[in-house]
2 protein chains.
Amino acid sequence: MERHEVAARSGLAVRLPEGRRLRIITPKGQQAADFFAYRADQVGEWLSPTHTWVTTRSVRPRQGDTFLSRFRRPMADFVEDGAGGVHDMMIAACDQGRYEQFGHRAAHANCSDNLRNAMQRLGHPIEVIPQPVNFFTNTAVEANGALVSPPNPVKPGAYVELLARMDLICVVSSCPFDLQVPGWTINAAGGPSELLIELR
Amino acid sequence: MERHEVAARSGLAVRLPEGRRLRIITPKGQQAADFFAYRADQVGEWLSPTHTWVTTRSVRPRQGDTFLSRFRRPMADFVEDGAGGVHDMMIAACDQGRYEQFGHRAAHANCSDNLRNAMQRLGHPIEVIPQPVNFFTNTAVEANGALVSPPNPVKPGAYVELLARMDLICVVSSCPFDLQVPGWTINAAGGPSELLIELR
């Protein structure tokens with residue numbers, strides 16, 4: 001088994017061959033893990049939540065669901081949910097502009113740069129930031145269509161496990177979101193924390 | 001005023017200068033209008049529902065909302081809703097693969113090809129199919145996260161009106177979805193119909 005730490009506020013890309021499993025763990029809990037996946041030999045094909053949920057008919061990924069690519073092909077199975085279903089596919093990856101929307105002017109670590117840098121370490125330029133799967137992230141859509149993000153209830157040691165359905169490059173980002181925005185709670189109040197990933 | 005018909009199952013791209021308005025009308029009602037918008041002088045910037053709804057905090061576009069690009073910049077204001085709020089931003093643009101998922105084997109008109117062809121008529125190759133805004137499309141997210149599409153209640157003559165916040169290329173596709181899928185009603189039972197667009 002291969003194990004890596006994704007430092008708080010950072011990202012990491014790993015190759016996951018077809019048939020292997022990836023476990024993502026939040027050791028301290030309440031830490032959003034932005035997840036992206038690309039077909040290893042053609043990174044123009046990537047995991048797409050909007051193509052996934054019109055097939056699963058669920059905006060929240062559930063154990064047993066299959067994540068589809070933007071070409072609607074199976075990329076990964078969600079084989080084990082050790083986080084009680086607290087996952088999101090609605091929130092776009094944060095980027096510098098996101099922090100500026102909230103009045104933050106200085107450079108801020110963000111999941112989009114984490115993705116770009118993780119992929120560049122493997123030699124892949126990224127032009128488009130795909131919509132992520134945000135594991136360990138608590139959102140809900142209310143009856144009137146309102147998108148809300150209540151406090152994050154994910155416990156320390158919570159995890160998810162995915163099974164690769166094709167050779168993949170998987171990217172995990174410890175979401176650096178640390179602004180105090182009323183009604184928009186992403187991570188723990190104490191700030192972002194590290195994630196662990198295990199290739200099984 | 002400039003007026004165009006978008007034939008049933010077809011797409012059309014039009015330039016919309018900053019400050020001008022685009023009205024999209026479903027003369028027969030119950031016809032999904034897949035809508036895409038690009039920055040006219042740099043089509044790498046396109047309208048993004050997932051970046052829009054984390055700002056509006058609504059998965060359904062509402063009169064008064066501003067549609068943002070994937071760079072989180074204002075592209076268009078939703079200035080008038082003449083369709084009673086029946087709009088969607090959840091459903092990925094249909095493509096050949098979507099119809100094949102439902103067992104349809106022959107070539108089928110689809111919004112992704114309509115977008116590509118409409119943009120190619122203006123000289124722009126499209127590598128990525130952006131998530132569309134689907135006007136006149138009825139979806140809801142239930143409390144458990146289920147994505148549902150009840151029958152389409154949009155009346156003949158219903159319309160929406162948008163105001164360009166930058167020079168845009170706007171693409172409208174009369175969604176060709178015509179399969180009878182239980183619990184997944186997109187267009188009128190009688191099949192797709194034409195749309196009208198007006199540049200004001």
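Derivation of every value follows stated rules applied to the coordinates shown; laboratory data play no part. Since the structure is predicted, the reported quantities are computational estimates derived from the model, not experimental observations. Cβ atoms come from the backbone with ideal geometry, glycine included; neighbour counts cover every protein chain shown.
Tabulated data for the structure shown
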| item | result |
| --- | --- |
| Complete set of residues in segment B:169-200 that are assigned to a strand (DSSP E or B) and either surrounded by fewer than 24 Cβ atoms within 10 Å (Cβ to Cβ) or free of Cβ contacts under 8 Å to residues at least 40 places away in the same chain (or both) | B:169, B:184, B:196, B:197, B:198, B:199 |
| Qualifying residue in segment B:71-86 (condition: touching an Asp or Glu at 6+ places or on another chain (Cβ under 7 Å), surrounded by fewer than 23 Cβ atoms within 10 Å (Cβ to Cβ) and within 13 Å of chain A (Cβ to nearest Cβ)) | yes |
| Test set (1) buried (at least 24 other Cβ atoms within 10 Å of the Cβ); (2) facing chain A (nearest Cβ under 10 Å); (3) over 22 Å from residue B:19 (Cα atoms) - residue B:95 fails condition number | (1) |
| Pairs where the first residue, in segment B:98-118, is of a type outside the set (Val, Ile, Thr) and the second is buried (at least 20 other Cβ atoms within 10 Å of the Cβ) and part of a helix (DSSP H, G or I), C-beta under 6 Å, 6+ apart | B:108/B:99 |
| Qualifying positions in segment A:17-53 - surrounded by fewer than 23 Cβ atoms within 10 Å (Cβ to Cβ), over 15 Å from the mean Cα position of the chain (by Cα) and of a type outside the set (Asp, Glu) | A:17, A:19, A:20, A:21, A:27, A:28, A:39, A:40, A:42, A:43, A:44 |
| Identity of the residue in segment B:99-148, more than 13 Å from every other protein chain (Cβ to nearest Cβ) and crowded, with 22+ Cβ neighbours inside 10 Å, that ends up nearest to residue B:58 (Cα to Cα) | B:135 |
| Candidate set: segment B:17-61, residues that are at the interface with chain A (Cβ under 8 Å from one of its Cβ atoms) and part of a loop (DSSP other than H, G, I, E, B); chosen: the one nearest to residue B:158 (Cα to Cα) | B:60 |
| Residue list for segment A:154-164, restricted to those being within 17 Å of residue A:28 (Cβ to Cβ) and surrounded by 14 or more Cβ atoms within 10 Å (Cβ to Cβ) | A:154, A:155, A:158, A:159, A:160 |
| Count of segment A:149-160 residues which are assigned to a loop (DSSP other than H, G, I, E, B) and either charged (D, E, K, R) or within 14 Å of chain B (Cβ to nearest Cβ) (or both) | 2 |
| Hits in segment A:121-167 - residues which are in contact (Cβ under 8 Å) with a residue 12 or more places away in the chain, among the small types (Gly, Ala, Ser) and farther than 30 Å from residue A:44 by Cβ | A:149, A:157, A:158 |
| Residue B:149 in contact with a Phe, Trp or Tyr (Cβ under 7 Å, 6 or more places away or on another chain), among the hydroxyl-bearing types (Ser, Thr, Tyr) and under 28 Å from residue A:89 (Cβ atoms) | yes |
